[in-house]
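Novice: Starting off with a structure, shown below.
The values are calculated or read from the model by the stated rules, or taken from the named source; none is laboratory data. Only a predicted model underlies this, so the values are computations on that prediction, with no experimental measurement involved. Backbone-built Cβ (ideal geometry, glycine too); neighbour counts: all protein chains shown.
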């Protein structure tokens, strides 16, 4: 005996033609249907509403039961997650310590820069002292 009636076949055929012409639209969003499988589904749905002979929709498939080995692997993960939750305080303490070191490192270059600035005037003064005897010699001649 046939699963689908002639009326349901005609409805699917009609919807496929509309899809190919670009006239078939989705019921909910109103977007153009471009997938042939979707066109078939729409045709069967309309045929069901009209009362044509169409098999019931397939029920959603259930996920395959997980193996016992997979369940054993999942258990340690929960423990690890519990450990991760317990350690944020320690992690925060560890993070605070490097910041102090980083602040000390930042301060050190500033001190070096300040020392360089102090040294710069001394170098300029030394350069002036060196230049003055030459100028004096040039002025004498």
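Novice: Please work out which one of (1) modelled with pLDDT under 95; (2) under 23 Å from residue 51 (Cβ atoms) is the condition residue 15 fails and give its number.
Specialist: (1)
Novice: Another one. Check residue 7 against each of (1) in a helix (DSSP H, G or I); (2) surrounded by 15 or more Cβ atoms within 10 Å (Cβ to Cβ) and name the one condition it does not meet.
Specialist: Of (1) in a helix (DSSP H, G or I); (2) surrounded by 15 or more Cβ atoms within 10 Å (Cβ to Cβ), only one is false for residue 7: (2).
Novice: Could I ask something else about it? Checking residue 30 against (1) outside any loop (DSSP other than H, G, I, E, B); (2) free of Cβ contacts under 8 Å to residues at least 40 places away in the same chain, which single condition isn't satisfied?
Specialist: (1)
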